[in-house]
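Encoded as structure tokens, the structure appears first; notes follow it.
The values are calculated or read from the model by the stated rules, or taken from the named source; none is laboratory data. The model shown is predicted, which means the values in this text are computed figures rather than measured ones. Heads up, the Cβs are rebuilt from the backbone with ideal geometry, glycines too, and the neighbour counts pull from every protein chain shown.
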Amino acid sequence: MGIQGWTWVTVGLTFAAYLYIGYRSRVASTRGFYVAGRGVPAIANGAATAADWMSAASFISMAGLISFLGFDGSVYLMGWTGGYVLLALLLAPFLRKFGKYTVPDFVAERFYSKSARIVAAVAAIFVSFTYVAGQMGGVGVAFSRFLEVPFEVGVGIGMVIVAFFAVLGGMKGITYTQVAQYCVLIFAYTIPVVAIALVLTGNPVPQIAIGEILPKLEAIQQDLGLSSYSGPFTHFSMLNVFCVTVCLMVGTAGLPHVIVRFYTVKSVRDARWSAFWALLFIALLYTTAPAVAMFAKYYILQQFVEQGPEGFTQLAWVQNWAQTGLIDVETIRAKGDVEALLASINRDIIVLATPEIAGLSAFVVALVAAGGLAAALSTASGLLLVISSSLAHDIYGSIINPQASDRQRLFVGRVMIFLAVILAGLLGIYPLGFVAEVVAFAFGLAAASFFPTIVLGIFWKRANKQGAIAGMSVGLVFTFLMIALMRAQNVVPGMEEPIVETFLGINAQGVGVIGMLLNFAVTVGVSLATPPPPPEVQTLVEQIRYPRVMEAEELEG
């Protein structure tokens, strides 16, 4: 059986499992729909959080960017993993104690304002739609190559699958589907890289094998006139390495679809344990990604040197990916140099193509395809629920029709997920950049809007509604406009250059740091210039700050 046959089998079986789990986990209440009834065990929530967290950007695109950027690509590893630790230690236990359904719920009650809820809901929608665009783009990449269907059709298939288990089961269906998806994606990611490490070095532990491959990769790069793979600041300036890393870290801690996962467990203690399990599950993939990146770059450059430009373009894996439009073989033939080679390969194909590049079996290639789809669909479903809850719970149920029954709220939530799936698919078909780049923009928006508001809301009693509304608005609008100006040539026909190259030397992926600082400054300044919060709100902040004490008091009561 060939690659396509095995892919149909693995993708068909995994998709059938997701659909079955989604059907069995269907819910009939808003509590089940938005927070899975708060009955998810810590280890299951940890696996679901890891799957929700390790999106198409982590599985499909991150290793590709590290492969081509070298040292500078480490911003994704440092930013995303450091950000999860920041979220787990700084915010998650406090937000779980708060016990609401969504981040806008927290903002509305902490800042005692419907207007603050609306601003937070709009920010959640902006962040989530930007993020989900990257996921649907990853679905299209995987489908277009391995099932040999048009990119747009692949995105459409992913939309249907996500809509089914998200609409039926809400957070409960999404959670248990994500547990299955984590198992698929982690096996799919590690099995090929272990096999390649064994072939290249005789050592099956990828994290150790890179010590032998790195000198060989450096030698090939030097022979071809490329900069050192491990040399710093060759693609990003030092300023941008710092800003992108910080932006990804604080953006992680402000991501609404990850924060809401800590609302699904039974207690603050379970929230802490689920954070531990999630970090362990995430580490399995994130410590392996640099090995995938190095192995792929080594194989590609070695094959280019051995085969020459013409022979390289005739390789089976190159021809297969060229049919998807993600490798430009004509440019490689015409220019014939290594710069043209690297510029002609889409970064999003590296992880999916590595088993083919290394000559692994068709089954392993198909397994990686199933893993990539699992990663994309797991995160997409969590993001769609955030969009649904922002529209149905925070805007419809809390602002437009507060008297709505539980059944009405649930119906509106399901309709919103269905509509969000359609828009997400369109954003996947017309992306702003590589999958990981698009996701980085979402982190910038989260860093500029949610992170300062949540941190000040928990740790500074003096923060008030006027400050929060002004800060979130300024941070979100500034960051969104700067990203749009820097990436305009990707979406405006005929525009070849961005309207703005950088802001103070910071690129689009790191500009969220400026938005974050503006948010902090505006929130603090406006709060100090306006009346303090009511005494009951300040008491609420104290209750959130000491979750262990309050939980003990609840148990005693």
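Observations on the structure shown:
- Being touching a helix residue (DSSP H, G or I) at 6+ places or on another chain (Cβ under 9 Å), within 21 Å of THR14 (Cβ to Cβ) and at pLDDT 90 or above is a property that does not hold for VAL205.
- All positions within segment 75-84 that are within 22 Å of ALA47 (Cβ to Cβ) and either among the aliphatic types (A, V, I, L, M) or not in a helix (DSSP H, G or I) (or both): LEU77
- Qualifying residue in segment 244-259 (condition: modelled with pLDDT under 90, more than 27 Å from ALA353 (Cα to Cα) and either in contact with a Cys (Cβ under 8 Å, 6 or more places away or on another chain) or among the basic types (Lys, Arg) (or both)): no
- Residue under evaluation GLU148, criteria (1) part of a helix (DSSP H, G or I); (2) touching a residue at least 40 places away in the same chain (Cβ under 8 Å), criterion not met: (1)
Table: residues versus (1) at pLDDT below 80; (2) acidic (Asp, Glu); (3) assigned to a helix (DSSP H, G or I).
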{"position": "GLY32", "(1), (2), (3)": "yes, no, yes"}
{"position": "VAL40", "(1), (2), (3)": "no, no, no"}
{"position": "ALA50", "(1), (2), (3)": "no, no, yes"}
{"position": "ILE60", "(1), (2), (3)": "yes, no, yes"}
{"position": "ALA63", "(1), (2), (3)": "no, no, yes"}
{"position": "GLY73", "(1), (2), (3)": "no, no, yes"}
{"position": "PRO93", "(1), (2), (3)": "yes, no, yes"}
{"position": "ALA116", "(1), (2), (3)": "no, no, yes"}
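- Looking only at residues in segment 501-548 that are among the polar types (S, T, N, Q) and under 20 Å from PHE233 (Cβ atoms), the one that is surrounded by the most Cβ atoms within 10 Å (Cβ to Cβ) is GLN509.
- Within this structure, THR331 fails the test of being among the β-branched types (Val, Ile, Thr) and more than 22 Å from LEU69 (Cβ to Cβ).
- Within segment 498-540, if we keep just the residues that are among the β-branched types (Val, Ile, Thr) and more than 30 Å from the chain's Cα centre (by Cα), the residue that is modelled with the lowest pLDDT turns out to be THR539.
- Unmet requirement for TYR131, which otherwise passes all of (1) hydroxyl-bearing (Ser, Thr, Tyr); (2) crowded, with 20+ Cβ neighbours inside 10 Å; (3) out of contact with any Leu (no Cβ under 9 Å at 6 or more places or on another chain): (3)
- Tally, over segment 413-429, of residues that are crowded, with 21+ Cβ neighbours inside 10 Å and farther than 26 Å from ASP348 by Cα: 3
- The criterion of at least 3 residues that are in contact (Cβ under 8 Å) with a residue 60 or more places away in the chain is met, among helices (runs of 4 or more DSSP H) falling completely within segment 331-438, by 350-357, 362-388, 406-429.
- Scanning segment 303-329 for residues that are exposed (fewer than 14 other Cβ atoms within 10 Å of the Cβ), over 27 Å from the mean Cα position of the chain (by Cα) and either assigned to a helix (DSSP H, G or I) or small (Gly, Ala, Ser) (or both) gives VAL305, GLU306, GLY308, GLU310, GLY311, ALA316, GLN319.
- Pick from segment 159-182, criterion surrounded by fewer than 24 Cβ atoms within 10 Å (Cβ to Cβ) and of a type in the set (Gly, Ala, Ser), ranking: modelled with the lowest pLDDT: ALA163
- Residue in segment 248-266 that is surrounded by fewer than 21 Cβ atoms within 10 Å (Cβ to Cβ), at negative phi and in contact (Cβ under 8 Å) with a residue 12 or more places away in the chain present: yes
- Sole residue being in a helix (DSSP H, G or I) and in contact with an Asp or Glu (Cβ under 9 Å, 6 or more places away or on another chain), chosen from VAL537, VAL541, VAL526, VAL522: VAL537
Matching residues to (1) within 18 Å of ASN45 (Cβ to Cβ); (2) assigned to a helix (DSSP H, G or I); (3) of a type in the set (Lys, Arg):
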site: MET171; (1), (2), (3): yes, yes, no
site: CYS183; (1), (2), (3): yes, yes, no
site: VAL194; (1), (2), (3): no, yes, no
site: VAL199; (1), (2), (3): no, yes, no
site: GLU212; (1), (2), (3): no, yes, no
site: GLU218; (1), (2), (3): no, yes, no
site: SER227; (1), (2), (3): no, no, no
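- Pairs, first surrounded by fewer than 24 Cβ atoms within 10 Å (Cβ to Cβ) in segment 41-59, second among the hydrophobic types (A, V, I, L, M, F, W, C) and part of a helix (DSSP H, G or I), C-beta under 6 Å, six or more apart: ALA42/TRP273; ILE43/TRP277; ALA44/VAL179
Matching residues to (1) under 24 Å from the mean Cα position of the chain (by Cα); (2) more than 30 Å from PHE262 (Cα to Cα):
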residue: ALA334; (1), (2): no, yes
residue: LEU342; (1), (2): no, yes
residue: LEU377; (1), (2): yes, no
residue: LEU410; (1), (2): no, no
residue: LEU427; (1), (2): yes, no
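- Segment 497-519, residues that are out of contact with any strand residue (DSSP E or B) (no Cβ under 7 Å at 6 or more places or on another chain) and assigned to a loop (DSSP other than H, G, I, E, B): GLU497, PRO498, ILE499, VAL500, GLU501, THR502, LEU504, GLY505, ASN507, ALA508, GLN509, GLY510
- When LEU200 is tested against (1) in contact (Cβ under 8 Å) with a residue 24 or more places away in the chain; (2) within 29 Å of the chain's Cα centre (by Cα); (3) surrounded by 14 or more Cβ atoms within 10 Å (Cβ to Cβ), only condition (2) is not met.
- Looking across segment 267-297 at every residue that is farther than 16 Å from MET54 by Cβ and aromatic (Phe, Trp, Tyr), the one that is surrounded by the fewest Cβ atoms within 10 Å (Cβ to Cβ) is identified as PHE276.
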